[in-house]
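K.L.:
Questions regarding the structure given below will be posed in turn.
The values are calculated or read from the model by the stated rules, or taken from the named source; none is laboratory data. Keep in mind that this is a model prediction, so the values were computed, not measured. Cβ: placed from backbone, ideal geometry, glycine included. Neighbour counts: every protein chain shown.
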Amino acid sequence: QGKFTLLRDTRTDGSFLVHHFLSFYLRAGCKVCFVALLQSFSHYSIVAQKLGVNLAAAKEQGQLVFLEGLKSCLNLLFGEEEEQPGQPSPLQFLSGSRGELRALFDFVRASLAPGAQRSWRGPVLLVDDLSLLLSLGAAPVAVLDFIHYCRACVCCQLQGNVVVLVHSSEDSEDEENELVVNSLCHHSDLILWAEGLATGFCKDVHGQIKIIKRLSLWQAAEQDQVQIYQYKIQDRNVTFFAPGLSAAVL
Amino acid sequence: LVFTEEDKYGLYSNLLFKYFLAEGIVCGHDLFVASAKEHPDNILKELPAPLLDDTYRKELGDEAAVVNSEDFQDSMKIAWRYQNLPKMEASPRSCTKFGHYYDVSKKMPPELCQSVKWHSFYLHEEQCSEPKMKAWNMNSGYARLLQSIQRIISQEGFDGSDPQKKQRNVLRIGIQSLGSVLWGDDVCCSETPEDPHSLTKFLYVLRGLLRKSLSACIITVPSHLIQNKAIMERVTNLSDMVVGLESFIGSERETNPLYKDYHGLVHVHQIPRLNSLICDVSDTKDLAFRLKRKLFTIERLHLPPDLSDTVSRASKQDLAGSAKLLSSGCGAVAVGKKHLDF
């Protein structure tokens, strides 16, 4: 409860973690607000089906609030008059000149507010992916502010969890992105870092994942606990194993 | 969204662009061609002619037959461990036909061009009439292009908005040399462009349009001119497939004996991972292309055997360096810094 998890990928695609968390929280019965900026609803729906979760049904029952960034952006730019006057689009920052993400935060807060309907277990905010907001013109400080407000609202007030995906790389030239990622790393309770193998491309091992539990945040003398596993992604599943113990080698 | 990084002089990427459009014509898809450099009418006149099935297959069949009969009997004596590996196929077999083949030396007949409906967007001929664009916060050339694409998509019903229309067709969009100075964007000129987000915003909206409709798009970008590498990273994250073409013209590799059969390298930086947890990764990443008199082929890179007596250190280092470049592709799967994979 009340935890901030950072999903980070370097030179590989960490979106399998997003799919995992989405189906995990939906199966656990939590109310999920999913800010999906990168892909369309049908993409997530098809993968979720393979993992055993029906996104359309969850959406209808009110368990899942899905913000499809691509569709929302098109409605904002190409749509005629606003259907609901007084309720700005969550991606309002695209058309304004100030890169503030206030409208997006209001959307998140409204969707996770405890409602009068059937009560679900703790609220969860899932974002895929945060680095995209920088590409769309938001300032790094605005992105950090947005995350800060979300944490205050979801983690502290509502005792829910926040899971965010970012892309990063050690030799990246994108300084704004690195700034946001480093700042988020310092504030996260748990970091899942998916990386490519240091030795290059391999067909049987798709990468390695570092799980960092930030115990140092909560207890003064504690060190962060780091675990490393390697993984292989299959059609319906991801298998994890200790480094060097891939099925292809044994 | 196929994002192609142009080679230095734009020769080969132009060819790839024309192939995409020509395939659209042969399959009966509608076309949308946008450019700020060349008038789309001229582009369409220059498309390669499709090869008729019988003549090409016969040629390919002859070649394959010759190759097969030669090494059918040989069993390896020294490198016998390799005997069990499947035969390397440099060029696609004729039995697995996907798409069509084209003859680069001939132009597509105009009747075939007229058989599909095509739309064009030539930046310098478009009028600036939309007042709404101010709210978009984007380079006006890009904004106009997006509006034009969206208009065609909704008018022609590619987004399924017209339930009356029974025959659903695909729209192939080709955008040439995006990001170059001709579009009014200075991202290729300076390291700190005036509006660094224009290109990425454009790609995001384009991605939304493509996801919403039955269309596919190829974009060529002169990425060697873009000095701000952060933009290239963001652009890679926004595209489904990223392919880079590196031609050997004018570089030291042209005279390198390792590359004598080829005209350039193909770098696959990213492949699409849609609707699934995994993506379709081929087992080799070393691809090179060559332009023969009639055909443009992409093949696996064969390094010729190292038979010369005076092999200099320089070429060995170059080989190691290029091997590192070759294997550091494919952002969807792991990528490493050291060149230990072979």
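K.L.:
Would you list the helices (runs of 4 or more DSSP H) that sit entirely within segment A:1-66 and hold 1 or more residues that are aliphatic (A, V, I, L, M) and in contact with a strand residue (DSSP E or B) (Cβ under 8 Å, 6 or more places away or on another chain)? Write out each step before concluding.
P.N.:
Working: elements: A:15-27, A:41-50, A:55-61.
Where helices (runs of 4 or more DSSP H) fall fully within segment A:1-66 and carry at least 1 residues being aliphatic (A, V, I, L, M) and in contact with a strand residue (DSSP E or B) (Cβ under 8 Å, 6 or more places away or on another chain), they are A:15-27, A:55-61.
K.L.:
Within segment A:217-234, which residues are modelled with pLDDT under 75 and either surrounded by 11 or more Cβ atoms within 10 Å (Cβ to Cβ) or within 14 Å of another protein chain (Cβ to nearest Cβ) (or both)?
P.N.:
A:LEU217, A:GLU222
K.L.:
Let me ask you something else. Name every residue in segment A:1-54 that is surrounded by fewer than 19 Cβ atoms within 10 Å (Cβ to Cβ), away from chain B (no Cβ under 14 Å) and touching a residue at least 60 places away in the same chain (Cβ under 8 Å), in order of residue number.
P.N.:
A:GLN1, A:GLY2, A:LYS3, A:THR5, A:ALA28, A:GLY29, A:CYS30
K.L.:
Look at A:LYS213 and say whether it is surrounded by fewer than 19 Cβ atoms within 10 Å (Cβ to Cβ) and under 18 Å from the mean Cα position of the chain (by Cα). Explain how you work it out, then say what you get.
P.N.:
Details: surrounded by fewer than 19 Cβ atoms within 10 Å (Cβ to Cβ): yes; under 18 Å from the mean Cα position of the chain (by Cα): yes.
Judged against the criteria, A:LYS213 is a match.
K.L.:
Scan segment B:212-233 for residues that are free of Cβ contacts under 8 Å to residues at least 60 places away in the same chain and touching a strand residue (DSSP E or B) at 6+ places or on another chain (Cβ under 9 Å) and report the count. Outline the logic, then answer.
P.N.:
Going residue by residue through segment B:212-233, those that are free of Cβ contacts under 8 Å to residues at least 60 places away in the same chain are B:212, B:214, B:225-233.
Add one more test, that the residue is touching a strand residue (DSSP E or B) at 6+ places or on another chain (Cβ under 9 Å), and what stays is B:214, B:232-233.
Within segment B:212-233, residues that are free of Cβ contacts under 8 Å to residues at least 60 places away in the same chain and touching a strand residue (DSSP E or B) at 6+ places or on another chain (Cβ under 9 Å) number 3.
K.L.:
Considering only segment A:1-18, state which residues are among the charged types (D, E, K, R) and closer than 22 Å to A:HIS43 by Cα.
P.N.:
Filtering segment A:1-18 for residues among the charged types (D, E, K, R) gives A:3, A:8-9, A:11, A:13.
The answer is A:ARG8, A:ASP9, A:ARG11, A:ASP13.
K.L.:
Quick check on segment A:122-138: of everything there that is part of a helix (DSSP H, G or I) and small (Gly, Ala, Ser), which residue is surrounded by the most Cβ atoms within 10 Å (Cβ to Cβ)?
P.N.:
The selected residue is A:SER135.
K.L.:
Please list, ordered by first then second residue, the pairs with beta carbon atoms under 7 Å, 6 or more apart or interchain, first in segment A:170-181 and at the interface with chain B (Cβ under 7 Å from one of its Cβ atoms), second of a type in the set (Val, Ile, Thr) and in a helix (DSSP H, G or I).
P.N.:
Close Cβ pairs satisfying both conditions: none exist.
K.L.:
Quick one: is A:ALA142 within 14 Å of chain B (Cβ to nearest Cβ) and not in a strand (DSSP E or B)?
P.N.:
Values: within 14 Å of chain B (Cβ to nearest Cβ): yes; not in a strand (DSSP E or B): yes.
Here the answer is yes, as A:ALA142 does meet what is asked.
K.L.:
Next up: Please enumerate the residues belonging to segment B:212-230 that are touching a Ser or Thr at 6+ places or on another chain (Cβ under 8 Å) and more than 9 Å from every other protein chain (Cβ to nearest Cβ).
P.N.:
The answer is B:ILE218, B:ILE219, B:THR220, B:VAL221, B:PRO222, B:LEU225, B:GLN227.
K.L.:
Suppose we filter B:LEU245, B:LEU178, B:LEU209 for residues that are crowded, with 21+ Cβ neighbours inside 10 Å, in contact with a helix residue (DSSP H, G or I) (Cβ under 9 Å, 6 or more places away or on another chain) and either within 14 Å of chain A (Cβ to nearest Cβ) or at pLDDT 80 or above (or both); which single one remains? If you could, list the steps in order and put the result at the bottom.
P.N.:
Working: B:LEU245 fails: either within 14 Å of chain A (Cβ to nearest Cβ) or at pLDDT 80 or above (or both); B:LEU178 fails: either within 14 Å of chain A (Cβ to nearest Cβ) or at pLDDT 80 or above (or both).
Of B:LEU245, B:LEU178, B:LEU209, the one residue that is crowded, with 21+ Cβ neighbours inside 10 Å, in contact with a helix residue (DSSP H, G or I) (Cβ under 9 Å, 6 or more places away or on another chain) and either within 14 Å of chain A (Cβ to nearest Cβ) or at pLDDT 80 or above (or both) is B:LEU209.
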